[in-house]
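The values are calculated or read from the model by the stated rules, or taken from the named source; none is laboratory data. Small disclaimer: the values here were computed from a predicted structure and weren't measured. Note: ideal-geometry Cβ built from the backbone for every residue, glycine included; neighbour counts use all protein chains shown.
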Amino acid sequence: MILTAHQPTYLPWLGLFHKIAISDLYISYSQVQYQTDNWNHRNRIKTPQGPQWLTLSVFRRNHMNISLNDMILLYEKPWRQKHWRTINQNYRKAPYFKRYVDFFEDVYQREWGNLVELNEYMLRWFVTTLGIKTPLKADREYQFSGSKSDRAIDMCCKTEAKVFVFGELGKKYAHTNDFNTIGCIPYFQSYIHPTYPQLYGVFEPNMSIIDLLFNCGENSLEILLSNNVTKTDIQNLIK
């Protein structure tokens, strides 16, 4: 079992899908404290003026005592119309925009109950559309305990994982020796970002996955996996 996990992210970047693709199971964990500077409510797309943020409107009052799973989306500001209008204006001339337009039109017409509901719904569509077969589950289906490294260890114990795939920043908080104690290998992703055909001049890395999809369509998965560690490479760590 190769396990990875991540907080539900809005319009994620390519590296998250690489983590999912090289794993046997992905767990979305939202039963953690909401962080205002995280990527769970925002991400960037490319425009003729350069990268532009798309930021969701969320209820932040007393956020230090609210879990990510309970973050409510606000509708006083018309963020749905703004986000869809911005995406439409900047990608309608992309080669594969028309192929995916119906999904996004529908998403931005709906009223979502909370932040996690929206992010997890979109993630399932992105994974399916890319052709990634890894099962997606939520931490709400389990009873995980601890935080950061301890939570990852508990995830590994309860799913019998032999490898846990961290993002690169996991090096800052993962307790490697504790993983060795339970017979699990921590692997730290070092994602090599691909270059691909993109609108508006000089290539900009680290955009939302929608930038790759609208520009490259069915070739997106091959592109985002290119020159990176494969699932077979991870499996060989166990042997």
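Brief remarks follow.
- Single residue of Thr134, Thr128 found to be closer than 25 Å to Lys19 by Cβ, under 17 Å from the mean Cα position of the chain (by Cα) and free of Cβ contacts under 8 Å to residues at least 12 places away in the same chain: Thr128
- Residue pairs meeting the criteria (Cβ under 8 Å; at least 6 apart or on separate chains; first within 16 Å of Tyr100 (Cβ to Cβ) and touching a residue at least 60 places away in the same chain (Cβ under 8 Å), in the stretch 194-212; second of a type in the set (Gly, Ala, Ser) and part of a loop (DSSP other than H, G, I, E, B)): Leu199/Ala94
- Restricting the stretch 83-103 to residues that are touching a residue at least 60 places away in the same chain (Cβ under 8 Å) and under 22 Å from the mean Cα position of the chain (by Cα), the residue that is surrounded by the fewest Cβ atoms within 10 Å (Cβ to Cβ): Arg99
- Hits in the stretch 172-183 - residues which are part of a loop (DSSP other than H, G, I, E, B) and either modelled with pLDDT of 95 or more or farther than 25 Å from Pro12 by Cβ (or both): His175, Ile182, Gly183
- Some residue of the stretch 71-78 being farther than 30 Å from Ile234 by Cα and crowded, with 17+ Cβ neighbours inside 10 Å: yes
- Ser147 vs. criteria among the polar types (S, T, N, Q), surrounded by fewer than 18 Cβ atoms within 10 Å (Cβ to Cβ) and touching a residue at least 12 places away in the same chain (Cβ under 8 Å): yes
- Every pair of residues 6+ apart whose Cβ atoms lie under 9 Å, when the first sits in the stretch 41-52 and is free of Cβ contacts under 8 Å to residues at least 40 places away in the same chain while the second is assigned to a strand (DSSP E or B): Arg42/Trp53; Arg42/Leu54; Arg42/Thr55; Gln52/Arg44; Gln52/Ile45; Gln52/Lys46
- Here is the figure for the stretch 198-239: residues that are surrounded by fewer than 12 Cβ atoms within 10 Å (Cβ to Cβ) and either charged (D, E, K, R) or not in a helix (DSSP H, G or I) (or both) total 5.
- Residue within the stretch 128-151 that is of a type in the set (A, V, I, L, M, F, W, C), modelled with pLDDT under 95 and within 30 Å of Arg80 (Cβ to Cβ) present: yes
- Any chance Tyr26 is in contact with a Ser or Thr (Cβ under 7 Å, 6 or more places away or on another chain), under 30 Å from Thr230 (Cβ atoms) and in contact (Cβ under 8 Å) with a residue 60 or more places away in the chain: yes
- Arg80 being among the basic types (Lys, Arg), over 27 Å from Lys231 (Cβ atoms) and either without any contact (Cβ under 8 Å) to a residue 24 or more places away in the chain or not in a helix (DSSP H, G or I) (or both): no
- Selection status of Pro186, free of Cβ contacts under 8 Å to residues at least 60 places away in the same chain, surrounded by 13 or more Cβ atoms within 10 Å (Cβ to Cβ) and out of contact with any helix residue (DSSP H, G or I) (no Cβ under 8 Å at 6 or more places or on another chain): no
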